[in-house]
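Below is one structure, written out as C-alpha coordinates; comments come after it.
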Amino acid sequence: MKQPKRIAVTGAAGQICYSLLFRIANGDVYGKDTPVALQLLDLPQAQKAVKGVVMELEDCAFPLLQDVVITDDPKAAFRDIDAGFFVGSRPRTQGMERRDLLNANAEIFRTQGQALNEGAKRDAKVIVVGNPANTNAMILAANAKDFPTENITAMLRLDHNRALTQFAQKAGVSVDAIKKFVVWGNHSPTMFADWTNATADGRKLSEVIGDETWYKETLIPTVAKRGTAIIEARGASSAASAANAAIDHMRDWIQGSDGDWVSMGVSSDGSYGIPEGLMAGVPVICEGGSYKRVTGLEIGDFQRQMIDRTVAELSEEREAVSALL
Ligand SMILES: NC(=O)c1ccc[n+]([C@@H]2O[C@H](COP(=O)([O-])OP(=O)(O)OC[C@H]3O[C@@H](n4cnc5c(N)ncnc54)[C@H](O)[C@@H]3O)[C@@H](O)[C@H]2O)c1
Ligand SMILES: O=C(O)C[C@H](O)C(=O)O
(Lines give C-alpha, C1' and ligand atoms only; values in the text may rest on other atoms or scores of the structure.)
(Ligands and ions follow the chains in the order given, each with its own letter.)
Protein backbone atom coordinates (compact mmCIF):
# COMPACT_ATOMS: atom_id res chain seq x y z
CA MET A 1 0.00 0.00 0.00
CA LYS A 2 1.31 3.49 -0.88
CA GLN A 3 1.94 6.09 1.83
CA PRO A 4 -1.16 8.26 2.28
CA LYS A 5 -1.17 11.79 0.89
CA ARG A 6 -1.72 14.23 3.74
CA ILE A 7 -4.30 16.83 2.80
CA ALA A 8 -5.20 19.88 4.88
CA VAL A 9 -8.68 21.31 4.45
CA THR A 10 -9.70 24.53 6.18
CA GLY A 11 -13.28 25.53 6.94
CA ALA A 12 -14.08 21.85 7.46
CA ALA A 13 -17.43 22.50 9.14
CA GLY A 14 -18.65 24.70 6.29
CA GLN A 15 -20.91 24.19 3.31
CA ILE A 16 -18.25 23.61 0.66
CA CYS A 17 -16.43 21.07 2.79
CA TYR A 18 -19.63 19.13 3.34
CA SER A 19 -19.21 18.13 -0.29
CA LEU A 20 -15.44 18.48 -0.75
CA LEU A 21 -14.27 16.17 2.02
CA PHE A 22 -16.30 13.22 0.75
CA ARG A 23 -14.93 13.66 -2.77
CA ILE A 24 -11.33 13.77 -1.53
CA ALA A 25 -11.89 10.70 0.67
CA ASN A 26 -13.36 8.91 -2.34
CA GLY A 27 -10.07 9.31 -4.24
CA ASP A 28 -11.25 12.00 -6.66
CA VAL A 29 -8.06 14.07 -6.35
CA TYR A 30 -5.16 11.62 -6.22
CA GLY A 31 -6.88 8.68 -7.88
CA LYS A 32 -8.24 5.35 -6.75
CA ASP A 33 -4.84 3.85 -5.93
CA THR A 34 -3.69 6.49 -3.45
CA PRO A 35 -4.74 6.53 0.21
CA VAL A 36 -5.39 9.88 1.85
CA ALA A 37 -5.21 11.34 5.36
CA LEU A 38 -7.24 14.45 6.15
CA GLN A 39 -6.06 17.26 8.45
CA LEU A 40 -9.16 19.34 9.13
CA LEU A 41 -8.98 22.90 10.42
CA ASP A 42 -11.81 25.05 11.70
CA LEU A 43 -12.42 27.56 14.46
CA PRO A 44 -12.75 26.41 18.11
CA GLN A 45 -16.52 26.97 18.07
CA ALA A 46 -16.87 24.73 14.99
CA GLN A 47 -14.98 21.72 16.37
CA LYS A 48 -18.14 19.88 17.41
CA ALA A 49 -19.62 20.28 13.94
CA VAL A 50 -16.38 19.01 12.35
CA LYS A 51 -16.59 15.93 14.57
CA GLY A 52 -20.06 15.32 13.17
CA VAL A 53 -18.76 15.54 9.61
CA VAL A 54 -15.99 13.09 10.50
CA MET A 55 -18.56 10.66 11.89
CA GLU A 56 -20.25 10.82 8.50
CA LEU A 57 -16.95 10.28 6.71
CA GLU A 58 -16.44 7.18 8.84
CA ASP A 59 -19.93 5.99 7.99
CA CYS A 60 -19.05 6.07 4.28
CA ALA A 61 -16.37 3.40 4.82
CA PHE A 62 -14.09 4.92 2.18
CA PRO A 63 -11.34 2.36 1.54
CA LEU A 64 -8.77 5.09 0.78
CA LEU A 65 -9.34 7.19 3.90
CA GLN A 66 -6.59 6.20 6.33
CA ASP A 67 -6.59 8.90 8.96
CA VAL A 68 -8.41 12.09 10.00
CA VAL A 69 -7.06 14.81 12.29
CA ILE A 70 -9.35 17.56 13.63
CA THR A 71 -7.77 20.75 14.93
CA ASP A 72 -8.20 24.47 15.51
CA ASP A 73 -4.45 25.04 15.24
CA PRO A 74 -3.21 25.97 11.73
CA LYS A 75 0.29 24.67 12.51
CA ALA A 76 -1.06 21.21 13.33
CA ALA A 77 -3.30 21.31 10.25
CA PHE A 78 -0.49 22.10 7.80
CA ARG A 79 2.23 19.85 9.27
CA ASP A 80 3.81 17.64 6.57
CA ILE A 81 1.00 18.16 4.09
CA ASP A 82 1.15 17.22 0.41
CA ALA A 83 -1.84 19.40 -0.47
CA GLY A 84 -3.97 22.11 1.08
CA PHE A 85 -7.49 23.30 0.31
CA PHE A 86 -7.91 26.76 1.86
CA VAL A 87 -11.68 27.11 2.05
CA GLY A 88 -12.25 28.47 5.57
CA SER A 89 -13.39 32.08 5.53
CA ARG A 90 -16.60 34.04 5.54
CA PRO A 91 -18.81 33.81 2.44
CA ARG A 92 -20.62 36.87 1.10
CA THR A 93 -24.34 37.29 1.46
CA GLN A 94 -26.88 39.12 -0.71
CA GLY A 95 -25.87 42.66 -1.62
CA MET A 96 -22.12 42.11 -1.10
CA GLU A 97 -19.38 41.83 -3.72
CA ARG A 98 -16.57 39.32 -3.11
CA ARG A 99 -14.06 42.12 -2.54
CA ASP A 100 -16.22 43.31 0.40
CA LEU A 101 -14.82 40.24 2.17
CA LEU A 102 -11.27 41.51 1.88
CA ASN A 103 -11.05 42.95 5.39
CA ALA A 104 -13.03 40.13 6.99
CA ASN A 105 -10.87 37.36 5.53
CA ALA A 106 -7.41 38.81 4.81
CA GLU A 107 -6.08 38.31 8.35
CA ILE A 108 -6.95 34.58 8.19
CA PHE A 109 -4.59 34.11 5.26
CA ARG A 110 -1.75 36.04 6.91
CA THR A 111 -1.83 33.74 9.96
CA GLN A 112 -2.28 30.62 7.86
CA GLY A 113 0.56 31.66 5.50
CA GLN A 114 2.94 31.68 8.45
CA ALA A 115 1.73 28.25 9.60
CA LEU A 116 1.99 26.85 6.05
CA ASN A 117 5.54 28.14 5.89
CA GLU A 118 6.44 26.42 9.11
CA GLY A 119 5.03 22.96 8.57
CA ALA A 120 4.10 22.05 5.00
CA LYS A 121 6.25 19.98 2.65
CA ARG A 122 7.95 22.35 0.19
CA ASP A 123 6.28 20.63 -2.76
CA ALA A 124 2.78 20.78 -1.28
CA LYS A 125 0.12 22.02 -3.71
CA VAL A 126 -2.22 24.69 -2.39
CA ILE A 127 -5.53 25.99 -3.70
CA VAL A 128 -7.25 29.02 -2.18
CA VAL A 129 -11.04 28.92 -2.45
CA GLY A 130 -12.05 31.39 0.29
CA ASN A 131 -12.97 34.78 -1.14
CA PRO A 132 -11.64 37.05 -2.42
CA ALA A 133 -9.66 34.03 -3.56
CA ASN A 134 -7.00 35.70 -5.73
CA THR A 135 -5.93 38.27 -3.19
CA ASN A 136 -6.17 35.84 -0.29
CA ALA A 137 -3.80 33.54 -2.21
CA MET A 138 -1.40 36.48 -2.65
CA ILE A 139 -1.53 37.20 1.10
CA LEU A 140 -0.92 33.51 1.85
CA ALA A 141 2.11 33.44 -0.46
CA ALA A 142 3.53 36.69 0.94
CA ASN A 143 3.39 35.29 4.46
CA ALA A 144 4.86 31.90 3.56
CA LYS A 145 8.30 33.30 2.80
CA ASP A 146 10.16 30.00 2.37
CA PHE A 147 7.35 28.17 0.64
CA PRO A 148 7.44 28.20 -3.20
CA THR A 149 4.95 30.80 -4.44
CA GLU A 150 4.27 28.78 -7.60
CA ASN A 151 2.72 26.09 -5.37
CA ILE A 152 0.04 28.51 -4.16
CA THR A 153 -2.88 28.99 -6.55
CA ALA A 154 -6.33 30.58 -6.55
CA MET A 155 -9.52 28.96 -7.83
CA LEU A 156 -10.89 30.19 -11.17
CA ARG A 157 -12.09 26.74 -12.13
CA LEU A 158 -15.67 27.32 -11.06
CA ASP A 159 -15.89 30.23 -13.51
CA HIS A 160 -14.22 28.06 -16.16
CA ASN A 161 -16.71 25.24 -15.63
CA ARG A 162 -19.66 27.63 -15.57
CA ALA A 163 -18.66 29.03 -18.95
CA LEU A 164 -18.08 25.57 -20.47
CA THR A 165 -21.69 24.60 -19.80
CA GLN A 166 -23.07 27.86 -21.22
CA PHE A 167 -20.96 27.43 -24.37
CA ALA A 168 -21.81 23.76 -24.75
CA GLN A 169 -25.54 24.44 -24.49
CA LYS A 170 -25.34 27.26 -27.04
CA ALA A 171 -23.16 25.29 -29.47
CA GLY A 172 -25.06 22.01 -29.04
CA VAL A 173 -21.90 20.07 -28.13
CA SER A 174 -20.78 18.25 -24.99
CA VAL A 175 -18.75 20.20 -22.44
CA ASP A 176 -15.66 18.09 -23.03
CA ALA A 177 -15.70 18.94 -26.74
CA ILE A 178 -14.59 22.48 -25.82
CA LYS A 179 -10.85 23.05 -25.56
CA LYS A 180 -8.47 26.00 -25.15
CA PHE A 181 -10.86 28.19 -23.23
CA VAL A 182 -9.66 30.42 -20.38
CA VAL A 183 -10.93 32.77 -17.69
CA TRP A 184 -8.43 35.57 -17.09
CA GLY A 185 -7.91 37.68 -13.99
CA ASN A 186 -9.91 37.98 -10.80
CA HIS A 187 -12.65 35.67 -9.46
CA SER A 188 -15.00 38.67 -9.41
CA PRO A 189 -17.43 40.39 -11.78
CA THR A 190 -14.43 41.73 -13.77
CA MET A 191 -13.23 38.23 -14.74
CA PHE A 192 -12.77 37.74 -18.50
CA ALA A 193 -14.17 34.55 -20.02
CA ASP A 194 -12.13 34.43 -23.23
CA TRP A 195 -13.22 32.30 -26.19
CA THR A 196 -10.59 33.69 -28.61
CA ASN A 197 -8.65 30.43 -28.97
CA ALA A 198 -11.41 28.02 -27.95
CA THR A 199 -12.48 25.14 -30.15
CA ALA A 200 -15.50 22.83 -30.15
CA ASP A 201 -14.82 19.40 -31.64
CA GLY A 202 -11.77 20.97 -33.31
CA ARG A 203 -13.64 23.90 -34.91
CA LYS A 204 -13.30 27.49 -33.76
CA LEU A 205 -15.91 27.93 -31.01
CA SER A 206 -16.75 31.51 -32.04
CA GLU A 207 -17.57 30.24 -35.56
CA VAL A 208 -19.61 27.28 -34.31
CA ILE A 209 -21.70 29.65 -32.17
CA GLY A 210 -21.55 32.52 -34.69
CA ASP A 211 -23.05 35.10 -32.34
CA GLU A 212 -20.59 37.62 -30.98
CA THR A 213 -23.35 39.74 -29.45
CA TRP A 214 -24.47 36.77 -27.36
CA TYR A 215 -20.86 36.18 -26.31
CA LYS A 216 -20.27 39.77 -25.22
CA GLU A 217 -23.69 40.68 -23.87
CA THR A 218 -24.90 37.38 -22.41
CA LEU A 219 -22.10 34.85 -21.88
CA ILE A 220 -19.52 37.13 -20.27
CA PRO A 221 -21.92 38.77 -17.77
CA THR A 222 -23.75 35.50 -17.04
CA VAL A 223 -20.53 33.80 -15.98
CA ALA A 224 -19.30 36.87 -14.10
CA LYS A 225 -22.54 37.16 -12.13
CA ARG A 226 -23.27 33.48 -11.63
CA GLY A 227 -22.14 33.50 -8.00
CA THR A 228 -24.61 36.29 -7.26
CA ALA A 229 -27.41 34.50 -9.10
CA ILE A 230 -26.80 31.41 -6.97
CA ILE A 231 -26.78 33.41 -3.73
CA GLU A 232 -30.10 34.99 -4.78
CA ALA A 233 -31.65 31.63 -5.67
CA ARG A 234 -30.29 29.50 -2.82
CA GLY A 235 -29.92 32.12 -0.13
CA ALA A 236 -26.35 30.85 0.29
CA SER A 237 -23.27 30.81 -1.89
CA SER A 238 -22.42 27.97 -4.24
CA ALA A 239 -21.14 24.94 -2.39
CA ALA A 240 -21.24 21.60 -4.26
CA SER A 241 -20.17 23.21 -7.54
CA ALA A 242 -17.38 25.08 -5.74
CA ALA A 243 -16.19 21.82 -4.18
CA ASN A 244 -16.33 20.14 -7.59
CA ALA A 245 -14.25 22.93 -9.13
CA ALA A 246 -11.66 22.64 -6.36
CA ILE A 247 -11.44 18.90 -7.04
CA ASP A 248 -11.05 19.51 -10.81
CA HIS A 249 -8.32 22.10 -10.20
CA MET A 250 -6.27 19.87 -7.88
CA ARG A 251 -6.85 16.63 -9.81
CA ASP A 252 -5.63 18.22 -13.03
CA TRP A 253 -2.63 19.80 -11.33
CA ILE A 254 -1.67 16.43 -9.82
CA GLN A 255 -2.72 14.06 -12.61
CA GLY A 256 -2.53 16.32 -15.70
CA SER A 257 -4.99 18.11 -17.96
CA ASP A 258 -4.46 15.88 -21.04
CA GLY A 259 -2.89 18.72 -22.98
CA ASP A 260 -5.93 20.98 -22.62
CA TRP A 261 -5.92 24.46 -21.12
CA VAL A 262 -7.38 25.02 -17.68
CA SER A 263 -7.83 28.33 -15.85
CA MET A 264 -5.75 28.73 -12.70
CA GLY A 265 -4.99 31.77 -10.57
CA VAL A 266 -1.21 31.81 -10.38
CA SER A 267 1.36 34.38 -9.34
CA SER A 268 2.03 36.49 -12.41
CA ASP A 269 5.48 36.32 -14.00
CA GLY A 270 4.74 39.64 -15.74
CA SER A 271 3.54 38.06 -18.99
CA TYR A 272 0.47 39.35 -20.86
CA GLY A 273 0.90 42.75 -19.18
CA ILE A 274 -0.16 41.37 -15.77
CA PRO A 275 2.03 42.95 -13.08
CA GLU A 276 4.37 40.50 -11.42
CA GLY A 277 3.11 38.92 -8.19
CA LEU A 278 -0.61 39.46 -8.79
CA MET A 279 -2.50 36.18 -8.45
CA ALA A 280 -4.33 36.22 -11.77
CA GLY A 281 -6.27 33.67 -13.75
CA VAL A 282 -4.32 32.60 -16.84
CA PRO A 283 -4.38 29.59 -19.18
CA VAL A 284 -2.16 26.73 -18.01
CA ILE A 285 -1.52 23.15 -19.08
CA CYS A 286 -0.92 20.62 -16.30
CA GLU A 287 1.51 17.77 -16.83
CA GLY A 288 3.74 15.60 -14.64
CA GLY A 289 2.54 17.19 -11.39
CA SER A 290 3.12 20.79 -12.39
CA TYR A 291 1.45 23.51 -14.42
CA LYS A 292 2.93 25.52 -17.26
CA ARG A 293 1.56 28.87 -18.34
CA VAL A 294 0.42 28.94 -21.97
CA THR A 295 2.86 31.44 -23.50
CA GLY A 296 3.12 33.48 -26.68
CA LEU A 297 -0.58 34.15 -27.26
CA GLU A 298 -1.42 37.18 -29.35
CA ILE A 299 -3.74 39.49 -27.44
CA GLY A 300 -6.27 41.46 -29.51
CA ASP A 301 -7.84 44.83 -28.64
CA PHE A 302 -10.97 43.47 -26.93
CA GLN A 303 -8.93 40.95 -24.93
CA ARG A 304 -6.47 43.69 -23.91
CA GLN A 305 -9.26 45.90 -22.67
CA MET A 306 -10.90 43.06 -20.70
CA ILE A 307 -7.64 41.76 -19.22
CA ASP A 308 -6.59 45.29 -18.22
CA ARG A 309 -9.91 45.84 -16.46
CA THR A 310 -9.69 42.74 -14.27
CA VAL A 311 -5.98 43.25 -13.62
CA ALA A 312 -6.67 46.84 -12.50
CA GLU A 313 -9.07 45.46 -9.90
CA LEU A 314 -6.45 42.97 -8.67
CA SER A 315 -3.96 45.83 -8.35
CA GLU A 316 -6.50 47.80 -6.29
CA GLU A 317 -7.03 44.81 -4.02
CA ARG A 318 -3.25 44.44 -3.61
CA GLU A 319 -3.07 48.09 -2.61
CA ALA A 320 -5.88 47.62 -0.08
CA VAL A 321 -4.04 44.77 1.72
CA SER A 322 -0.51 46.12 1.34
CA ALA A 323 -0.06 46.09 5.13
CA LEU A 324 -0.36 42.28 5.12
CA LEU A 325 2.10 41.63 2.27
N1 LIG B 1 -13.35 30.76 -5.37
C2 LIG B 1 -14.59 30.32 -5.59
O3 LIG B 1 -14.97 30.05 -6.75
C4 LIG B 1 -15.57 30.16 -4.46
C5 LIG B 1 -16.78 29.51 -4.69
C6 LIG B 1 -17.69 29.36 -3.63
C7 LIG B 1 -17.38 29.87 -2.37
N8 LIG B 1 -16.18 30.50 -2.19
C9 LIG B 1 -15.80 31.02 -0.87
O10 LIG B 1 -15.42 29.92 -0.02
C11 LIG B 1 -15.52 30.33 1.34
C12 LIG B 1 -16.25 29.26 2.16
O13 LIG B 1 -17.57 29.11 1.71
P14 LIG B 1 -18.60 28.17 2.50
O15 LIG B 1 -19.88 28.28 1.75
O16 LIG B 1 -18.02 26.84 2.76
O17 LIG B 1 -18.75 29.00 3.86
P18 LIG B 1 -19.29 28.52 5.28
O19 LIG B 1 -19.59 29.74 6.06
O20 LIG B 1 -20.34 27.48 5.12
O21 LIG B 1 -18.02 27.80 5.91
C22 LIG B 1 -16.87 28.48 6.22
C23 LIG B 1 -16.16 27.73 7.30
O24 LIG B 1 -14.89 28.36 7.51
C25 LIG B 1 -14.68 28.38 8.91
N26 LIG B 1 -13.67 29.37 9.24
C27 LIG B 1 -13.81 30.71 9.37
N28 LIG B 1 -12.64 31.26 9.73
C29 LIG B 1 -11.74 30.27 9.78
C30 LIG B 1 -10.37 30.20 10.10
N31 LIG B 1 -9.68 31.30 10.46
N32 LIG B 1 -9.75 29.02 10.06
C33 LIG B 1 -10.44 27.90 9.73
N34 LIG B 1 -11.74 27.88 9.44
C35 LIG B 1 -12.38 29.06 9.47
C36 LIG B 1 -16.04 28.65 9.52
O37 LIG B 1 -16.10 28.31 10.89
C38 LIG B 1 -16.91 27.74 8.65
O39 LIG B 1 -17.00 26.43 9.18
C40 LIG B 1 -16.24 31.69 1.30
O41 LIG B 1 -15.28 32.72 1.41
C42 LIG B 1 -16.88 31.70 -0.07
O43 LIG B 1 -17.13 33.01 -0.53
C44 LIG B 1 -15.29 30.64 -3.19
O1 LIG C 1 -20.06 34.38 -5.44
C2 LIG C 1 -19.73 34.06 -4.31
O3 LIG C 1 -19.63 34.87 -3.36
C4 LIG C 1 -19.39 32.61 -4.05
C5 LIG C 1 -18.47 32.09 -5.08
O6 LIG C 1 -17.34 32.89 -5.23
C7 LIG C 1 -19.15 31.86 -6.41
O8 LIG C 1 -18.65 32.32 -7.43
O9 LIG C 1 -20.18 31.16 -6.42
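Things to note:
- Residue in the stretch 301-325 that is nearest to residue 113 (Cα to Cα), counting only those that are part of a helix (DSSP H, G or I) and among the β-branched types (Val, Ile, Thr): 311
- Qualifying residue in the stretch 187-194 (condition: under 23 Å from residue 133 (Cα atoms), open to solvent by less than 30 Å² (accessible area, probe 1.4 Å), in the same structural domain as residue 279 (by the TED database) and without any contact (Cβ under 8 Å) to a residue 60 or more places away in the chain): yes
Conditions (1) open to solvent by 30 Å² or more (accessible area, probe 1.4 Å); (2) within 16 Å of ligand 1 (Cβ to nearest atom); (3) within 19 Å of the chain's Cα centre (by Cα); (4) of a type in the set (D, E, K, R), marked per residue:
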| residue | (1), (2), (3), (4) |
| --- | --- |
| 131 | yes, yes, yes, no |
| 136 | no, yes, yes, no |
| 145 | yes, no, no, yes |
| 150 | yes, no, yes, yes |
| 165 | yes, yes, yes, no |
| 168 | no, no, no, no |
| 171 | no, no, no, no |
| 182 | no, yes, yes, no |
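- Looking across the stretch 76-98, the residues that are more than 11 Å from ligand 1 (Cβ to nearest atom) and not in a loop (DSSP other than H, G, I, E, B) come down to 76, 78, 83, 84.
- Cβ separations smaller than 7 Å between residues 6+ apart or across chains give no pair from the stretch 296-321 residues that are assigned by the TED database to the domain that holds residue 107 to residues that are assigned to a loop (DSSP other than H, G, I, E, B) and open to solvent by less than 60 Å² (accessible area, probe 1.4 Å).
- For the stretch 226-259, the tally of residues that are open to solvent by 30 Å² or more (accessible area, probe 1.4 Å), away from ligand 2 (no atom under 16 Å from the Cβ) and outside any helix (DSSP H, G or I) stands at 2.
The values are calculated or read from the model by the stated rules, or taken from the named source; none is laboratory data. Since we're looking at a predicted model, the values are computed, not measured. Neighbour counts run over all protein chains shown; Cβ positions are idealised from the backbone, glycine included. Areas reflect the complete protein model, heavy atoms only, side chains present, ligands, DNA and RNA absent. Shrake-Rupley method; radii C 1.70, N 1.55, O 1.52, S 1.80 Å.
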